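Asker: Quick one: the structure is below, questions incoming.
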Amino acid sequence: MPGRGKDRIHLRRAVPEDCDRVCRWRNHPSARRFSANTKRIDPESHRKWFRQVLRSRKQVLLIAIKEGEEVGVIRFDMDRESATATISIFVDPRKHHTGIGTEMVEAGEVWIRKRRPSVKRIVATVRKENVVSLRLFKRAGFEPAFLVFCKDL
């Protein structure tokens with residue numbers, strides 16, 4: 001379970017005012033290094049993406065807050081047909097290596113169970129070299145289900 005009392009992670013839906021902060025976090029070198037797309041995101045593309053996610057019925061963007069401070073982002077991409085939510089998280093770079101990512105994932109699970117009871121599985125896609133995220137999801141009770149093999153051309 002997420003931390004108790006004042007140390008607990010709280011999640012709120014993202015609002016337009018979060019856009020620039022989220023862009024900074026997404027573009028931090030440590031976030032880019034392990035993202036599906038490792039290239040820097042230009043601010044206008046990010047703003048367009050952010051507006052689309054806020055309007056989407058298939059995606060939910062949540063801001064994680066701990067002790068009154070925004071500490072990260074969780075995005076759920078919903079697939080109603082398979083009753084699956086794919087989770088994506090990133091942590092404020094100043095909070096890396098503090099264990100906050102695991103707390104965020106656990107809080108996200110509570111959020112999904114409460115607000116999207118039709119979701120029966122949460123899926124995370126993690127780069128094999130992202131040892132921190134692999135450890136984080138294992139700590140949060142996730143288990144490998146598939147191996148995806150890739151070949152760059």
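The values are calculated or read from the model by the stated rules, or taken from the named source; none is laboratory data. Predicted model only: the values in this text are computed from it and were never measured. So basically every Cβ, Gly included, is an ideal-geometry build from the backbone, and we count neighbours across all protein chains shown. Each accessible area value is taken on the protein alone, full model and side chains, heavy atoms only, with ligands, DNA and RNA left out. Shrake-Rupley method; radii C 1.70, N 1.55, O 1.52, S 1.80 Å.
Asker: Filter segment 113-138 for residues that are within 24 Å of Ala83 (Cα to Cα), surrounded by fewer than 14 Cβ atoms within 10 Å (Cβ to Cβ) and at pLDDT 85 or above and give the result.
Answerer: Selection gives Arg113, Lys114, Arg115, Pro117, Ser118, Lys120, Arg121, Thr125, Lys138.
Asker: Among the residues that make up segment 49-69, is at least one of them outside any strand (DSSP E or B), modelled with pLDDT under 95, among the aliphatic types (A, V, I, L, M) and in contact with a strand residue (DSSP E or B) (Cβ under 6 Å, 6 or more places away or on another chain)?
Answerer: no
Asker: Would you call Ala85 in contact (Cβ under 8 Å) with a residue 24 or more places away in the chain, over 13 Å from Gly108 (Cβ atoms) and either outside any strand (DSSP E or B) or open to solvent by less than 50 Å² (accessible area, probe 1.4 Å) (or both)?
Answerer: Details: in contact (Cβ under 8 Å) with a residue 24 or more places away in the chain: yes; over 13 Å from Gly108 (Cβ atoms): no; either outside any strand (DSSP E or B) or open to solvent by less than 50 Å² (accessible area, probe 1.4 Å) (or both): yes.
So Ala85 does not fit the description; no.
Asker: Any idea which residue in segment 17-38 is modelled with the lowest pLDDT, counting only those that are open to solvent by 70 Å² or more (accessible area, probe 1.4 Å), part of a helix (DSSP H, G or I) and more than 15 Å from Trp49 (Cα to Cα)?
Answerer: Filtering segment 17-38 for residues that are open to solvent by 70 Å² or more (accessible area, probe 1.4 Å), part of a helix (DSSP H, G or I) and more than 15 Å from Trp49 (Cα to Cα), the one modelled with the lowest pLDDT comes out as Arg33.
Asker: Answer with yes or no whether Val110 is modelled with pLDDT of 95 or more, closer than 20 Å to Pro16 by Cβ and β-branched (Val, Ile, Thr). Explain how you work it out, then say what you get.
Answerer: On the way: modelled with pLDDT of 95 or more: yes; closer than 20 Å to Pro16 by Cβ: no; β-branched (Val, Ile, Thr): yes.
Considered against the rule, which asks whether it is modelled with pLDDT of 95 or more, closer than 20 Å to Pro16 by Cβ and β-branched (Val, Ile, Thr), Val110 comes out as no.
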